[in-house]
Amino acid sequence: FLAAEDLRFYEHRGIDVYRILGALRSNIKNGTLAEGASTITQQLIKNNIFSAESENGLVDTFKRKFQEQYLALILEQSVDKDTILQNYLNTINLGNNNLGVQAAAQNYFNKDVSELTISESAVIAATTSNPYKYNPVRFPENNKTRRAIVLKNMLEQELISKAEYDEALADNVYDRIMNVKNTSTGSTAYSYYTDALISQLM
């Protein structure tokens with residue numbers, strides 16, 4: 001997930017100035033606002049505090065971005081990085097109605113998250129930037145392209161070896177996903193949110 005979303009997560013203090021400048025340069029060059037620069041801390045805040053419906057135009061978007069950045073700086077002063085990362089991984093939308101990595105691991109691979117291979121983990125991490133577009137069940141080719149970028153980032157950051165990279169890239173992981181979907185017996189892995197709701201109702 002760090003390779004997919006926030007390579008300097010353990011170095012910055014909530015906002016990544018280098019990434020902001022890079023995104024700004026890219027957006028000016030391309031004449032769009034397509035490239036974002038949100039850190040994992042900002043994404044955690046955005047996903048759990050702000051509502052996309054509250055944005056009405058460019059001014060609201062910039063206002064929310066500044067609020068996210070301010071709150072990210074405050075959060076990182078009071079909460080350690082591992083706790084922030086854990087909360088992000090437990091609440092992030094990973095496509096197919098999966099909130100959190102455990103729900104995604106069960107839904108896509110019928111496994112506990114601790115049992116995932118590098119290849120399988122990269123499939124799940126690849127969905128974060130656009131859970132619909134990179135959904136590995138609906139759009140496996142899109143996910144495969146994004147997964148290759150995640151694996152390349154992991155290799156470049158020395159998070160995996162060249163042998164692990166080659167093995168993961170060659171893995172036909174999408175066949176396993178379809179096998180799980182086709183042999184599903186109706187038992188479903190609940191999301192983090194659903195688990196909390198069921199506990200509260202009981």
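The values are calculated or read from the model by the stated rules, or taken from the named source; none is laboratory data. Because the structure is a prediction, the values reported are computed rather than measured. Virtual Cβ from ideal backbone geometry, glycine too; neighbours counted across all protein chains shown. Keep in mind that these areas ignore ligands, DNA and RNA; they rest on the heavy atoms of the full protein, side chains included. Shrake-Rupley method; radii C 1.70, N 1.55, O 1.52, S 1.80 Å.
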*Members of the stretch 144-158 that are small (Gly, Ala, Ser) and either part of a loop (DSSP other than H, G, I, E, B) or open to solvent by 90 Å² or more (accessible area, probe 1.4 Å) (or both)*: none
*Applying the selection to the stretch 171-183, what residues are open to solvent by 70 Å² or more (accessible area, probe 1.4 Å) and either touching a Phe, Trp or Tyr at 6+ places or on another chain (Cβ under 8 Å) or in contact (Cβ under 8 Å) with a residue 60 or more places away in the chain (or both)?*
Arg176
*Which of (1) over 26 Å from Thr39 (Cα atoms); (2) crowded, with 19+ Cβ neighbours inside 10 Å does Leu89 not meet, given it meets every other one?*
(1)
*asked:* Quick check on my filter: what residues within the stretch 82-102 are over 11 Å from the mean Cα position of the chain (by Cα) and in a helix (DSSP H, G or I)?
replied: Asp82, Thr83, Ile84, Gln86, Asn87, Gln102
*Looking only at residues in the stretch 29-62 that are farther than 25 Å from Leu75 by Cα and within 22 Å of the chain's Cα centre (by Cα), which one is modelled with the highest pLDDT?*
Leu33
*Only one of (1) surrounded by 12 or more Cβ atoms within 10 Å (Cβ to Cβ); (2) modelled with pLDDT of 95 or more fails for Ala163. Which number is that?*
(1)
_Residue ID - most open to solvent (accessible area, probe 1.4 Å), chosen from residues in the stretch 123-143 that are under 12 Å from Tyr174 (Cα atoms) and part of a helix (DSSP H, G or I)_ = Glu141
*Would you say Ala168 is under 15 Å from the mean Cα position of the chain (by Cα) and in contact (Cβ under 8 Å) with a residue 24 or more places away in the chain?*
no
*For the stretch 108-122, which residues satisfy the criterion of being closer than 19 Å to Asn172 by Cβ, of a type in the set (S, T, N, Q) and part of a helix (DSSP H, G or I)?*
Ser119, Ser121
*asked:* Just to be sure before I move on: is Tyr18 within 30 Å of Ile160 (Cβ to Cβ), at pLDDT below 90 and not charged (D, E, K, R) in the structure I sent?
replied: yes
*Identify, from the list Thr188, Thr145, the residue that is among the β-branched types (Val, Ile, Thr), on the phi < 0 side of the Ramachandran plot and modelled with pLDDT of 90 or more.*
Thr145
*Can we say Phe109 is in contact with an Asp or Glu (Cβ under 7 Å, 6 or more places away or on another chain) and crowded, with 17+ Cβ neighbours inside 10 Å?*
yes
